[in-house]
Amino acid sequence: MSIAADQTQSWLDQHPGAPLAGAGASWLDSARANALALFERIGLPGVRDEQWRYTNLRALKSKLYQPAANSQSDWSLPESDHPRFVLVDGVYNAGLSNLEGVAKGVQFMPLDDAVADSRFDLETRFGSTLPAQQHGFSALNTAYCQGGYVLMLGAGATSKSPLEVLFLNSATDSTADASAISHTRNFIIADANSQCTVIERHQGTDGSVYLHNTITEIIAGDNAHIDHYKIQQDSCDAFHIGGVFIEQARSAQVKTHNLALGGLVARNDVRASLSGEGAHIEMNGLVFGRGRQHVDNHTEVVHAVPHCTSDEYYRSVLDDQSRSVFRGRIIVAQDAQQTNAEQQNNNLLLSAGAEADTKPQLEIYADDVQCSHGATVGQLDPKSLFYLNSRGIDTESARALLTFAFANEVIERIAIESVRDEMTQLIAGALLDGMEELL
């Protein structure tokens, strides 16, 4: 048996006895079996895979894993003014959740319950947004998903209050024999003319070592409006593999905000298929890397029909030995005339040891389109630093102000004031104690 085959079998051996969401549903059992067969064939990705060539998973693969313990650790959660859905180590925790105040026409429940509820039609929708070519982590997610949330908005339903989802990972410490692993699968299903904002928060206790493998599928009906935030603040020793996959019907408007602040290694895939005329996707992303953090963002927008628009704006701030990877791909099909697509990736290196790899891509098969892309990697402007110094601002504060201004281009795109203020405080506080007074 080859080394790759040994590793694949080793990963399968680490999952016996794991709790499975919706166990017993024949269609889901069949999907799990197919996913296992796929994983046995393709295994985990590696640097020889083009989509993963800049992300070395040696540290992730070298660890032993066991299903997360579904710990009931005492979590101190701040009060929230809006409905909150909490999963601890991948499993829904009713005691920490508060679903009061969910708007009329909005269903918000654990994956387990939704699998058994025909209203959600998960048999048809499960995996429908994922690309034809999946990687091994996606297959593992389907095979072993143990929990997640399902949010469904009926036609015309509007949730005026943001809906918050907390993924809390207590997991194991760095001295444990095996690290915890959890797989979560989530759905946002928005029928015609519905509207909602969802805030996903991914957090872990300090020093805990775990792998969280999570997928969110978003299905936006005609003229649906969805704002999706993913705030990733995992433990500095954690591994995060995430995907947000979107299918948009006619005139559907979706905004995604990917804020990567934590984790040792993080991979985020965001893919949108614009399948109805007039659909629009906005993708925003901010990476704030420190230490030896490695964040890999892959985005893909498929313009399948005419008269759709996309706007993509990702930025990275990298210090110490941190590294970011950005690979953005826009595909314009032959029939997708009158497409308007923009993509921009900018990276700021604060130290000699920081590194950014960026690869924007356009694949255009139509002739009546407006498409542009661009990427930059650079340092702080010496002239700007000199100007601030000449105005009496010390060098450390000047560097912090310029760095914050760079990151703030993404922060300003956050529509929710409380989240925008939170990101401002987090970034400013990390750059310089007391910097808030300078802003």
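The values are calculated or read from the model by the stated rules, or taken from the named source; none is laboratory data. Only a predicted model underlies this, so the values are computations on that prediction, with no experimental measurement involved. Glycine also receives a Cβ, built like all others from the backbone with ideal geometry; neighbour counts cover every protein chain displayed.
Val102 meets the stated requirement of being crowded, with 17+ Cβ neighbours inside 10 Å, among the aliphatic types (A, V, I, L, M) and in a loop (DSSP other than H, G, I, E, B). Here Ser418 qualifies as part of a helix (DSSP H, G or I), free of Cβ contacts under 8 Å to residues at least 12 places away in the same chain and either out of contact with any strand residue (DSSP E or B) (no Cβ under 9 Å at 6 or more places or on another chain) or small (Gly, Ala, Ser) (or both). Check segment 323-333 and report whether any residue there is outside any strand (DSSP E or B) and under 26 Å from Ile199 (Cα atoms). No, there is no match, as no residue in segment 323-333 is outside any strand (DSSP E or B) and under 26 Å from Ile199 (Cα atoms). Note on segment 223-263: residues that are assigned to a strand (DSSP E or B), crowded, with 21+ Cβ neighbours inside 10 Å and polar (S, T, N, Q) total 4.
Just one residue in the set Asp81, Asp74 is part of a loop (DSSP other than H, G, I, E, B), in contact with a helix residue (DSSP H, G or I) (Cβ under 9 Å, 6 or more places away or on another chain) and modelled with pLDDT under 95; that residue is Asp81.
Right, Ala428: surrounded by 16 or more Cβ atoms within 10 Å (Cβ to Cβ), small (Gly, Ala, Ser) and closer than 25 Å to Ile199 by Cα or not? If you could, list the steps in order and put the result at the bottom.
On the way: surrounded by 16 or more Cβ atoms within 10 Å (Cβ to Cβ): yes; small (Gly, Ala, Ser): yes; closer than 25 Å to Ile199 by Cα: yes.
Answer is yes for this residue.
Of all residues assigned to segment 376-396, none qualifies as being in a strand (DSSP E or B) and more than 26 Å from the chain's Cα centre (by Cα). Determine whether segment 68-88 contains at least one residue that is more than 30 Å from Gly154 (Cβ to Cβ), within 21 Å of the chain's Cα centre (by Cα) and not acidic (Asp, Glu). Within segment 68-88 (the criterion being more than 30 Å from Gly154 (Cβ to Cβ), within 21 Å of the chain's Cα centre (by Cα) and not acidic (Asp, Glu)), the answer is yes, since at least one residue qualifies. Residues of segment 140-167 being part of a strand (DSSP E or B) and among the polar types (S, T, N, Q), which ones? Once the filter is applied, which keeps residues that are part of a strand (DSSP E or B) and among the polar types (S, T, N, Q), segment 140-167 yields only Thr158.
Hey, among Ala336, Ala356, Ala272, which residue is within 21 Å of the chain's Cα centre (by Cα), buried (at least 18 other Cβ atoms within 10 Å of the Cβ) and over 28 Å from Ala59 (Cβ atoms)? Quick ask: steps written out before the conclusion?
On the way: Ala336 fails: within 21 Å of the chain's Cα centre (by Cα); Ala356 fails: over 28 Å from Ala59 (Cβ atoms).
Result: Ala272 is the single residue among Ala336, Ala356, Ala272 that is within 21 Å of the chain's Cα centre (by Cα), buried (at least 18 other Cβ atoms within 10 Å of the Cβ) and over 28 Å from Ala59 (Cβ atoms).
Note on segment 42-67: residues that are in contact with a helix residue (DSSP H, G or I) (Cβ under 7 Å, 6 or more places away or on another chain) and either free of Cβ contacts under 8 Å to residues at least 40 places away in the same chain or farther than 25 Å from Gln146 by Cβ (or both) total 1.
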